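Laboratory data are not the source of any read-out in this text; all were calculated from the coordinates shown. If you're wondering where the values come from, they're calculated on a predicted model, not measured in any experiment. Glycine also receives a Cβ, built like all others from the backbone with ideal geometry; neighbour counts cover every protein chain displayed.
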Amino acid sequence: MPVKAWIRWMGQHGVARVVIRRAAKNGDLQAHILTDPEARRNPYPTYDAIRAKGPLVRGRLMTQAVSHDAVTQVLRSDAFAVGFDPETMPFLARHVLTRVAADERIVGPIDPPSLLVTNPPDHTRYRRLVSRVFTAKAVEALRARVEQRADELLDAMAAEPAGEPLDLVAEYASLLPVTVIAEILGVPLEMRRQFLTWGTMAAPVLDVGLSYRQFLRSEEALEKMSDWMYAHFDRLRREPGDDIVSRLVHLDDESGKLTNRELLAISGLLLAAGFETTVNLLGTGAVLLLRHPEQRAELDADPSLWGNAVEEVLRYESPVQATSRRSVKPTEICGVRVPAGAFVTAMIAGANRDPAVFDDPNRFDVRRANAKEHLAFSSGAHYCIGASLARLEGEIGLRRLFERFPGLTLDGTPRHRETRVLRGYSSIPVRFTTSTNRRTRSDAVNSSSDTGR
Ligand code: HEM
């Protein structure tokens, strides 16, 4: 019902929108990133400016942590929890938002009981149910499958007439992760493009201060995705498959069965996190390597560097720029006192450019010795469950792309996504030439120095 949707929007974004605009006018740097198009395109100077003010900077919206040390401490401290506590709201506002206007069917990535906003003991239970599917060992066993999927998509690209412009995001960077996660979760492959469409529409819900139109579009996508997932759970109840979602649907452990809302929160997040983030790793990785031919030459000369190159992409252009935490008791971060009930933005992407940890942090360097010290997958209790999978997809996806199309070039300016928490490209126009598009896997292994450039 539109009135209820409007109330939800006001509670989640409308009021914040007004506060953000005012704060930006008054010089608040975090609000500046949210409102200024140039700062959104290149937020790194603003991160530097906040970091220069100290480890924890009290802003008009939230307290901000940008140094590597402060972000790590916030993410790892048991004085902080995730999510919003409705008990802290005035009674009437709480009643209206959580009862009158709530839509129980919709569960977005930051709606409870999503892992991202759930605390122990529920968080511990949900994580235990799914994490073994994504351990480093379980993921390594998927290597051949991921390579095969990457090669199939590259074959399809190679079948296009050479010299024709292609969108690397639409043809490759988005399709590889959604195919892989759909297979792991046992979701039909023919739903891939539909999920991508819903994912793109819903991704802004991670941001604060959406317009009413953006909010309605996100809710529409989440509602359609929820309806599809509920019907999918019913199918799996009748005909279980050999996949993690089937196991969750039929689970009946000492804590009982999962409710439909819990099932949706867990599997919906795995699905969406599985492709909405890795697309950015592949897209930004490809653009960085296209713009830094000297770095590609390093990789051609020594392919063992690919793993480190992926870490450097994650550090340099973090696909998830920030997250937030709420202090549940008074504490201290880097010597600065934090009272209970404070909201802190942990600026992951700012921490990953901290000169105290990374020499010359604004230089993209696939050989950087400590690239892996980045916080792109967070830290502490909510450390990304899919980190091993993302690393595998990043390494295979980028390496295969450049081995197959050594003559790949940008054919225009890549376009950034509109989202703020998620950073990446919505389209990357590229072109490849006839002489360089047919190199096979074995050619690439035998002649890694033949770059065709
Ligand atoms: C480059 C790709 C990826 C990046 C940069 C990334 C980043 C992150 C970050 C920063 C968090 C923690 C947020 C916080 O601390 O508040 C997170 C959590 C999570 N990620 Fe990823 N992720 C990626 C890929 C994946 C993939 C492929 C999956 C699929 C399984 C996945 C599943 C999850 C889940 C389920 C959580 C919630 C964990 C929890 O709250 O306990 N992610 N991810």
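Among the residues making up region 288-310, a single one is touching a strand residue (DSSP E or B) at 6+ places or on another chain (Cβ under 8 Å) and not basic (K, R): L290. Taking into account only those residues within region 136-181 that are touching a Ser or Thr at 6+ places or on another chain (Cβ under 7 Å) and within 16 Å of the ligand (Cβ to nearest atom), which is nearest to T284 (Cα to Cα)? Per the criteria, the residue is V169. For region 251-262, the count of residues that are small (G, A, S) and away from the ligand (no atom under 16 Å from the Cβ) is nonzero. Restricting region 305-319 to residues that are surrounded by fewer than 22 Cβ atoms within 10 Å (Cβ to Cβ) and within 16 Å of the ligand (Cβ to nearest atom), the residue that is nearest to L56 (Cα to Cα) is E311. Identify the residue in region 392-429 that is β-branched (V, I, T), more than 11 Å from the ligand (Cβ to nearest atom) and part of a loop (DSSP other than H, G, I, E, B) and, among all such residues, is surrounded by the fewest Cβ atoms within 10 Å (Cβ to Cβ). My answer is T413. For region 309-364, which positions are part of a loop (DSSP other than H, G, I, E, B) and farther than 16 Å from D48 by Cβ? Scanning region 309-364 gives P319, V328, K329, P330, C334, G335, P339, A340, G341, A342, F364.
Starting from residues that are in a loop (DSSP other than H, G, I, E, B) and away from the ligand (no atom under 11 Å from the Cβ), keep the ones in region 272-304 and report whichever is farthest from I428 (Cα to Cα). The qualifying residue farthest from I428 (Cα to Cα) is D302. Only one of the numbered conditions (1) among the acidic types (D, E); (2) surrounded by fewer than 19 Cβ atoms within 10 Å (Cβ to Cβ); (3) in contact (Cβ under 8 Å) with a residue 12 or more places away in the chain is not met by E219, and that is (2).
Which residues, counting only those in region 132-177, are among the acidic types (D, E) and either surrounded by 14 or more Cβ atoms within 10 Å (Cβ to Cβ) or under 22 Å from A203 (Cβ atoms) (or both)? Listed by number, the residues that qualify are E147, D151, D167, E171.
Exactly one residue out of M229, M191 is touching a residue at least 24 places away in the same chain (Cβ under 8 Å), in a helix (DSSP H, G or I) and within 27 Å of I7 (Cβ to Cβ): that is M229. Here is a check on your reading of the model: is L389 within 11 Å of the ligand (Cβ to nearest atom), crowded, with 23+ Cβ neighbours inside 10 Å and not in a helix (DSSP H, G or I)? The answer is no for L389. Name the residue that is nearest to F84 (Cα to Cα), counting only residues in region 320-341 that are aliphatic (A, V, I, L, M) and within 16 Å of the ligand (Cβ to nearest atom). Going through the qualifying residues, I end up with V328.
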